[in-house]
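The values are calculated or read from the model by the stated rules, or taken from the named source; none is laboratory data. Small disclaimer: the values here were computed from a predicted structure and weren't measured. Note: ideal-geometry Cβ built from the backbone for every residue, glycine included; neighbour counts use all protein chains shown. Please note that ligands, DNA and RNA were not included when accessible areas were found on the heavy atoms of the full protein model with its side chains. Shrake-Rupley method; radii C 1.70, N 1.55, O 1.52, S 1.80 Å.
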Amino acid sequence: MTAATFTQGGKFEIREVVRPEIAKDEILLRVKSTSICGTDTKIIRNGHRKLKDGDRIVLGHEFAGVIEQVGASVKGFAEGQAVGIAPNWGCGRCKPCQRGMANYCAEYQAFGITRDGSHTQWVRIPSAVIAQGNIRPLPDNVSWSAVSLAEPLSCVLGGQTAVGLSAGESVLVYGAGPMGLLHILAARAAGAAVIIAADLNASRLAMARELGATHAVKSDTEDIHARVAEITGGEWLDVVITAVPVPEIVPEGLSLLGIFGRLCLFAGLPKDRAIAGLDGNLIHYKNLCVTGTTGGCNADYAKALGLITSGAVPVEGIISHRFSLEQLSEAYETALAGRGMKIVLTS
Ligand SMILES: [Zn+2]
Ligand SMILES: [Zn+2]
């Protein structure tokens, strides 16, 4: 079978790999849909801290498919069953694992990072993944391309839960890339009354407006403070979410919050650039909350699948390119060139 592979030390290849064999406590999944994530292209460019030099993995962690084969000792799943897979699992013993948040486990494992992932035809599902509840049955007649986006949506839901975004509130999302757009879709589903997209790119802002942002701010040419003051009638914002890795927006986002406001650092930041000028008195006098989130947990994955399959979060709107699973080269060429929004492969 053909797979998109990465070898630590810097080698990305589309190559033939052996179809996996499963043990009696494992499942073999036939991939029906899988999308390319910023994490995949980041691994190709920078490698991954979980990999040792020379380790080779099949990329891909956003996927859904049909169970091809069930190991003799596995209970509760059947051949031919349609399922989505939450890609992170943990040690099962630490504090985050006890809370069901393996995405914060120090020993977390993930498809497409520590184990062979989904940018190929078949994926071997290890026993720990089955035991930890990562496999979610799908309803009949799902849109395969939509359910592959349950994983990035689960990360977005984790971010919005951390800041408690609720109906009637105002939120500003920095960055209208795929993750920013998912934040806008999720904020709309949560009933946010004011949803402001901020970005430098006019066509991305137009897309944000189409998907439900009530306002768009072109942050290089417009005065963001003046716009937010005008939109909120001087009350400022309930929530700010950063979905772009720019340190300067952290103090700026903080200064846009009203009383009891919450800031979520959703995007990771460059390692070597500290955030300057964070005003602690703003946090003190306005009772602000600053937090951050990374990855998705199983509970949010299940919630994301429900929002997608019910139509409450119409994720198809962020898919810019569709390929067949045989077109891995073309799909990665598009992703590595930074073209478009979300790229989905189906079979
Ligand atoms: Zn992802
Ligand atoms: Zn753990």
What part of the accessible area of the chain, given as a whole %, is carbon or sulfur when the probe is 1.4 angstrom? 50
Taking the stretch 156-292 and dividing mean pair separation by its residue count, relative contact order in percent (alpha carbons under 8 Å, at least six apart): 23
Run through all the Cα pairs of the stretch 244-313 and give the fraction in each 10 Å bin from 0, expressed as whole percent. 17, 36, 28, 17, 2
For the chain, give me the percentage of DSSP beta bridges that are antiparallel, rounded to the nearest 5 percent. 55
Enumerate the amide H contacts of V244 below 5 Å, restricted to partners 5 or more residues apart or on another chain; note that Pro and chain-start residues carry no placed amide H. A267
Heavy-atom accessible area per residue of the stretch 156-292, all protein chains kept, 1.4 Å probe, expressed in Å², is 43
Given a cut-off of under 8 Å on Cα pairs at least six residues apart, what relative contact order in percent is computed for the stretch 104-203? 21
With +1 at each Lys and Arg Cβ and -1 at each Asp and Glu Cβ, the charge dipole magnitude of the stretch 156-292 around its Cα centre, to the nearest 20 debye, comes out at 320
Mind putting together the pair-distance distribution for the stretch 195-261? All Cα pairs, 5 Å bins, whole percent per bin, short to long. 4, 17, 28, 29, 18, 5, 0
How much of the calculated P(r) for the stretch 156-292 lies past 24 Å, in percent of all Cα pairs? 19
Which value in deg cm²/dmol, rounded to the nearest 500, describes the helix-derived mean residue ellipticity at 222 nm for the chain, given -39,500 (n - 2.57) per DSSP H run of n ≥ 4 and division by the residue count? -8000 deg cm²/dmol
Mean-position separation - Cα centroids, the stretch 1-58 and the stretch 133-189, in angstrom: 25
Order the peptides 154-163, 5-14, 287-296, 108-117 from the highest to the lowest mean number of other Cβ atoms within 10 Å of their residues. 154-163, 108-117, 287-296, 5-14
Which of L149, I67, P139 sits closest to the plus end of the dipole of the chain, meaning its Cα is farthest towards the positive end, when Lys and Arg get +1 and Asp and Glu get -1 on the C-beta? I67
Normalising by the residue count of the stretch 1-88, find the relative contact order in percent from Cα pairs under 8 Å and 6+ residues apart. 34
Global size of the stretch 155-229 as Cα Rg and Dmax, reported in angstrom: 11.5, 32
Could you calculate, for the chain, the ratio of the Cα radius of gyration to the Kirkwood radius, expressed as Rg to Rh? 0.98
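Say R0 is 25 Å: what FRET efficiency, to the nearest 0.05, do C94 and K42 get from their beta-carbon distance?
Efficiency at R0 = 25 Å is approximately 0.50.
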State in Å² the accessible area per residue of the stretch 1-135; use a 1.4 Å probe, count heavy atoms of protein chains only, and round to the nearest integer. 45
